[in-house]
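See structure below.
Any read-out appearing in this document is the output of simple, stated calculations on the displayed coordinates, not a laboratory observation. Keep in mind that what you see is a predicted model, and the values were worked out from it rather than measured. Cβ sites come from the backbone with ideal geometry, for glycine too, and all protein chains shown count toward neighbours.
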Amino acid sequence: MKKIIIAPFLFLIKVYQTLISPFLPSTCRYQPTCSYYTKDALLKHGLLKGGKLAIKRIFSCHPWGGSGFDPVPEKEN
């Protein structure tokens, strides 16, 4: 069920990574990039928590925000 719900978002990320991102300058301040982080967050945590993590990360990706290695946190049991 979770995979069905997040499938359209994963498709949009793939379209961005394949058709748009190669033509833009590399400006992401984090590793992994924000699009890969979003994909991982959705797969690990689902739409709500993964989406929240992704939005938080994307909004912090600016010259005055953070930078460096920032993996998706592991799922809490």
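Across the chain, where is the longest run that never hits trypsin sites (Lys or Arg not before Pro) in a DSSP loop with at most 16 other C-beta atoms within 10 Å?
Formally, the longest exposed-site-free interval is 30-74.
Projecting each Cα onto the charge dipole of the chain (Lys/Arg +1, Asp/Glu -1 at the beta carbon, about the Cα centre), which of Ser60, Tyr30, Tyr16 comes out farthest on the positive side?
Going by the charge dipole, the pick is Tyr16.
Lysine pairs in the chain with alpha-carbon atoms under 19 Å apart, 8 or more places apart or on different chains: how many are there?
24
Starting from the Cα-Cα distance between Phe23 and Phe59, subtract it from 0.36 nm times their residue separation and give me the gain in nm to one decimal.
10.8 nm
Quote the charge dipole size of the chain about the Cα centre in Debye, to the nearest 20; the model charges only the Cβ of Lys and Arg (+1) and of Asp and Glu (-1).
220 debye
Against the globular-protein guess of 2.2 N^0.38 Å, express the Cα radius of gyration of the chain as a ratio, rounded to two decimals.
Dividing the Cα Rg of the chain by 2.2 N^0.38 Å gives 1.10.
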